[in-house]
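Since the structure comes first, as structure tokens, the remarks are kept for the end.
The values are calculated or read from the model by the stated rules, or taken from the named source; none is laboratory data. If you're wondering where the values come from, they're calculated on a predicted model, not measured in any experiment. In this analysis, Cβ positions are derived from the backbone assuming ideal geometry, glycine residues included, and neighbour counts consider all displayed protein chains. Surface accessibility is based on the protein's heavy atoms, side chains included, excluding ligands, DNA and RNA. Shrake-Rupley method; radii C 1.70, N 1.55, O 1.52, S 1.80 Å.
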Amino acid sequence: MYQNIILEEKSHVAILTINRPDQLNALNKLTIEELNHALSGLNDNQQIGVVILTGQGEKSFVAGADIKEFAHFSISEGGSLAQNGQNLLFDFIENMNKPVIAAVNGFALGGGLELAMACHMRVASKNAKMGLPEVSLGVIPGYGGTQRLPQLVGRGKANELIFTAGMITSEEALVWGLVNHVVDQTDLLSTCESIAEKIIKHSPNAIRSAIKAVNAGFSEAKNGFHIEIEEFGKCFGNAEFNEGTTAFIEKRKPNFRH
Ligand code: COA
């Protein structure tokens, strides 16, 4: 069904693999459209509680936007490239109603690091390298990199990585707080799956509300504390709250997924 991505579903966890290894999984238009299609389906699929996003092969997560595809773009085409990508993929992931974990299995450069940063958390393999090399191409990060990198690591470190077009190792990324864990390549998916296993035990409705509240704190247009109060209140009207509190009182484990 898809040309550039592979979608697998294992009980309540979906694994989405970008599959253009000969091009280091660079994000071209079709790949972004296919990812949007698959992620939209997963967002609506109540059986799925967590999505793991990774790249095919052991060399690259995603080596950026497809440079060959945009090399001859005009000003307006460049603007549309960034706008469409943000709408279809990067903002879409950040605002999904279930967590997306980036399993960073190699190079995460430019749009690749931006993709990992749009996910709700990141786990990297030891060989992974991360950077935003866009200024070396005469352009700037256009898929949210100038915003999400400072949010994750602070402005000074973000400025250095962006202005030098440098690359950091996964161990450095761990110290910076850019990734949550660094593991051997062979343990990458199982580590992500074990985080996912913990998440799927809990209330999908509460997790969706938590994503909204956390994201609101990073939005100019919203007040995170207000959204937290609103989402907290809404949880009281949801059957999962009843199940969670009843299970606690009855000294049993809650069952949020029938
Ligand atoms: N866009 C399009 N194609 C890309 C790509 C990208 N972002 N990154 C890698 N590729 C392609 C290469 O062109 C090459 O294709 P070819 O065999 O048809 O010529 C293939 O992937 C393998 O890459 P190659 O450069 O030969 O591998 P390498 O091991 O020598 O170098 C990198 C690896 C990641 C250092 C190098 O590919 C690179 O610098 N990529 C671009 C990174 C970048 O600037 N990203 C930001 C884009 S905005």
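The Rg/Rh ratio for segment 5-199, using Cα coordinates for both the radius of gyration and the Kirkwood hydrodynamic radius, is 0.94. Built from the Cα atoms of segment 204-249, the convex hull projects on average onto 3.2 nm², one quarter of its surface area. Straight-line reach from Lys68: taking Cα to Cα under 18 Å and skipping same-chain neighbours fewer than 8 places apart, the aspartates and glutamates in range are Asp22, Glu33, Glu77, Glu134. The gain in end-to-end length when the Ser74 to Cys235 segment is fully stretched comes to 53.2 nm, 0.36 nm per residue minus the alpha carbon separation. With N the number of residues in segment 3-83, Rg(Cα) / (2.2 N^0.38 Å) evaluates to 1.22. Run the numbers for Glu172 and His37: contour at 0.36 nm per residue of separation, minus the present Cα-Cα distance, in nm. Fully extending the segment from Glu172 to His37 adds 45.2 nm. Please work out the FRET efficiency for the pair Thr164 and Gln46, using the Cβ-Cβ distance as r and a Förster radius of 45 Å; give the result to the nearest 0.05. Computed FRET efficiency for Thr164 and Gln46 comes out at 0.50.
Per residue, the solvent-accessible area of the chain (1.4 Å probe, heavy atoms of protein chains only, all protein chains present) comes to 51 Å².
The listed residues His12, His226, once ranked by accessible area (1.4 Å probe) with the largest placed first, stand as His226, His12. Going by accessible surface with a 1.4 Å probe and the largest first, Phe107, Phe218, Phe225 read Phe225, Phe218, Phe107.
For segment 1-105, the set of chymotrypsin sites (Phe, Trp or Tyr not before Pro) satisfying both a DSSP loop assignment and a count of at most 13 other C-beta atoms within 10 Å is given as Phe73. Taking amide H positions as modeled 1.01 Å from N, with prolines and chain starts lacking one, the residues under 5 Å from Ile52 and 5 or more places away or on another chain are Ala14, Ile15, Leu16, Ile101. Surface composition of segment 30-92: carbon and sulfur atoms hold 52% of the protein heavy-atom accessible area at a 1.4 Å probe. Each peptide in 115-122, 234-241, 208-215 was scored by the mean count of other Cβ atoms within 10 Å over its residues; highest first, the order is 115-122, 208-215, 234-241.
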